[in-house]
1. Can you pull out every residue in the stretch 179-201 that is assigned to a helix (DSSP H, G or I) and among the basic types (Lys, Arg)?
2. Is it the case, given these coordinates, that residue 705 is among the aliphatic types (A, V, I, L, M) and either over 30 Å from residue 554 (Cβ atoms) or assigned to a loop (DSSP other than H, G, I, E, B) (or both)?
3. Going residue by residue through the stretch 552-565, is there one that turns out to be closer than 21 Å to residue 376 by Cα and part of a helix (DSSP H, G or I)?
4. Given the options 333, 356, 369, name the one that is among the polar types (S, T, N, Q), within 30 Å of residue 457 (Cα to Cα) and at pLDDT 90 or above.
5. Residue 647 versus (1) closer than 18 Å to residue 699 by Cβ; (2) in a helix (DSSP H, G or I): which is the lone unmet condition?
6. Please enumerate the residues belonging to the stretch 725-750 that are under 17 Å from the mean Cα position of the chain (by Cα) and surrounded by fewer than 18 Cβ atoms within 10 Å (Cβ to Cβ).
7. How many of the residues in the stretch 549-561 are surrounded by 14 or more Cβ atoms within 10 Å (Cβ to Cβ) and either touching a Gly at 6+ places or on another chain (Cβ under 6 Å) or more than 26 Å from residue 371 (Cα to Cα) (or both)?
Amino acid sequence: MFFRLLTGAVTLVVCSTALGQAPLASPAISYTRDIQPILTEKCVACHACNDAACQLNLGSAEGATRGASKVPVYKGDRTTPVAPTRIFYDASGPDEWRRKGFYSVLDAQGAQAALMERMLELGHNTPLTPNAKLPEEIVLGLNRDNSCPAPGEFDAYAQKHPKEGMPLAVTGLTDKQYQTVQTWLKQGAPVDQHAIKPSAGEAAQIAEWEALLNRPGSTEALVGRWLFEHLFLAHTYFDNGVPGHFFQWVRSRTPSGQPIDLIATRRPNDDPGTTFYYRLMPVQGVIVHKTHITYPMGKQKLERVKQLFYSGDWHATSLPGYGPRSRANPFETFEAIPAVARYQFMLDNAEYFVRTFIRGPVCRGQIATDVIRDNFWALFQEPAHDRYITDAAYRGEATPLLAMPGQNDDVGSVLSLWHSFRDKRNEYVKLRQDAYADMPPPSWATLWAGNDNALLTIFRHFDSASVTKGLIGEVPQTLWLFDFPLLERTYYQLAVNFDVFGNVSHQAQTRLYFDLIRNGAEANFLRLMPADSRASILSDWYQNSGKIKMWLDYEKIDTSTPTGMILDPTDPKRDFALKLIDRAGTLNANPDPINRCTGAYCSRPDIAQEFQFAEQSLSRLTARPAAGLAVINQLPEATMLRIEGNNGDREMYSMLRNRAHSNVAFMLGEAYRLQPGLDTLTIFPGVLSSYPNFMFNIPAADVEAFVEAMEQSKDQKSFEAIVERWGVRRSNPQFWQYFHDIGEYINETDPVEAGVLDMNRYENL
C-alpha cells in the first residue's frame, strides 16, 4: 500500500533492472511502469494536493498531463472566488484543463524542449554540495514566490534562479532516473493510464452500500444525504479489500452499475441541479498522507448504519432544499433524523471526524490553525448526558441558533454578518448554560467512553495539524469537550461548508466562527472544573489581548454551578487529566511513558533493550520549558528522529515543538502572542505529522550523546554541530532513502494510513 506500494516498490526495482539491460533509447518506456515510480519517489512529496507549486500535481498521469497554472489556490486576500481545480473532479483530460488555464509541462514547443525537461536539466546541472546547508538565496516553504514560468518564460526563470531547477533544493534524480525521464520526454512523453478497478469482493460491498444510500423514499433520501455529507472526504476501504484500494463518495448522474458521470459542485451540499445517485468512486493516483483520511466500510459498519438510521420509528415527511439556509444550519436541515443516531454515528468514528476538520484536505490552514493551541486533548459528551439529544423542547429552542456563516461571501458585509452570527451563537451559549444548570452536576459518567475514539490528541503546527487516538504528551494547557451541537458545527463549518477556492469574505467568516467553536469547546470543559477555579483557568488561557477578546466576543462562562468531579483544588485541571489517564484503561490507545514518566523506567516495555535505553534518554528532553532547554528555540515544529539499531532495525519518533501563546483568540498576529521561553517538546513513537520539517538519523548507541548535546546547546552554532553530526539535510546523498523510510515505517506499523509525506516544509538547517 505504501505510496500505492510506491507505485510498486517492486516495480521500481524491476524497472531499474530492465533499464540497465536495455538501451535507454528504447521506445518501450512506459509512463505507468517507468516514469510514475520516479515521480512518486522524487516529485510527489512537493507536487500533490492544492498547495503543489503551480498546481502541478505529479501523483498521476492525469496530473502530469494537466500541467501547471499561474493561479494560486491559496490566496487569502482575493475578493472574488476562483474556479475549483480539483484533480479527477473539475475537469478530465488535457483539453479540458487547457480551457481552465493550465499549460503543458510535457509538450515540446517547436524547437524548445518541454518545460519539465528543461527544469530537470537545470537541477541536474547544478547539483547541491553534499550534506551542506543550502545557499541562502534559495527560498523554501510558504515564503517562496512560485513564479510558475510558462514554457516560453523558462530562460528568464533560469537566469533569475540558476540554482532552482527540479527537484527543488534537494538531492535530485539519479543519473539513470534522469536519463529515463529525459528520454521519455524527448520521445513526446507518451502516457498510458490504468484506472484502479474494484475487485469482485469490493464491487459486491460497493453495490450494498450504494443500494443503501440510494433507497427510494423521503426518509431514506434524507439519511442518504446526511451520510454523504459526512463521508465525502473519506478514503473508504472494505473488508478483505485489495491493499492500496480506496474509494470516495460522489454524486453521479448515473445509477449503480453504470459508469460514474460525476456531478462536480463546489461543496457537497450544493444543489446538484439534476437527478443524482450516490456512488463510490476509486481514489486514483498516488496516495499522499496529508489528504488520506481513512474510513472502514465493512460488513460490521454496514449493519451499524442500518441499526442507527433505518430501524427506528421515524419518518421524514419532506426533503429540504440546497439553498443557503439549508447549508448554513444542518440541525434544521436534518432535524427529522433522530439526533441520537446522528451523534452516535459521529462518535463511533470520532477520530475520522476530528481529522476532517483539524487535519483536513485543504493542505494549508495557517489562519485556521492560528486560533487553536499547539496541542490539546479532545473529549466527547456521553449522548445520555447531552441535553440536545435528550430534551426535545431544549433542542427546539437551540436549533435556530446554531446556523453558521459563510454562505454569503459579500466582502462589504463581513463585519455585519460576523456580528449577527456571533450574537446568535452567544445566545445559544447562554441558553445552554441555563439548561445545563438545571441538570445534575457533571461527573465521569458525563464523558463518552464507547471505544478507543473517545480520547484524542491534536498537535497543531504552523499551518497543519494531526489527530491521534489516545492521550499523548504532558498534560496540555487546554482540553476540549465536544457535545453534538459543537461537533456537528465544527464539521460543517470547516469541512462541508468551507470552500478553499472562496474569497476573503468566506474565509474570514469561517475562521472567525472557528474561534467561537474553540471557545465553546473550552467552556464545555471548564464546566467539569470546580466553579471557583474556572475564572482563573480561563484567565490563563486568555492572557493580555485575549481578555479584550473575551469582553468583546465571548459569552461569560458559568462560575457558579457546581461540578460533580472531586478534584485537587490546587490544580484541578492537572488532577482531572491524571485521573482521566488512570481511568481510561484500554480506551487510551497510546500510553506515553516517554513524556509522562512516573517511575524509574521511561520507555515502552515491549521493544528491544537498545531502544528502551534510547527512549529513557530521550525522555530527558520532554516536558522542559525552553527557558531551561535552549535548543528548543532552534528546532522546527515537527522533527523526525530515526533511531538505528545495531542489527539494522530502526524505530521512528516524532519530536514536536509545542509553542506557548498568551492567547489564541485572534486569527492574525500570532507572532506577537508567542511565549518562546515556555515552549516544550513532545517525543512520541510513530509519525505525527504529514509534513516533516527535519530529520535526524541517530545510531542507538549515540542517543545518549545526542541528548547531552541537545541539553548543552545554547546557540545556533552549537545546534549546527548537532545537525552536522546527525542531521539529514536536503542535500544529503541519502536524503530520499531516509525521507521515504518515514513512510515505510507507517506502512509497516499501520499500512492503511500509509502515503507519501510532504516535504514542502522541510527546512534548511
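1. 186
2. Yes, satisfied.
3. No: zero hits.
4. 356
5. So the condition that residue 647 fails would be (2).
6. 750
7. Here the count works out to 1.
Here's the yes/no breakdown for (1) surrounded by fewer than 22 Cβ atoms within 10 Å (Cβ to Cβ); (2) among the hydrophobic types (A, V, I, L, M, F, W, C); (3) closer than 16 Å to residue 489 by Cα:
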position	(1), (2), (3)
375	no, no, no
382	yes, no, no
388	no, no, yes
391	yes, no, no
394	yes, no, no
404	no, yes, yes
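The values are calculated or read from the model by the stated rules, or taken from the named source; none is laboratory data. Small disclaimer: the values here were computed from a predicted structure and weren't measured. Neighbour counts are summed over all protein chains in view; Cβ atoms, including those assigned to glycine, are modelled from backbone coordinates with ideal geometry.
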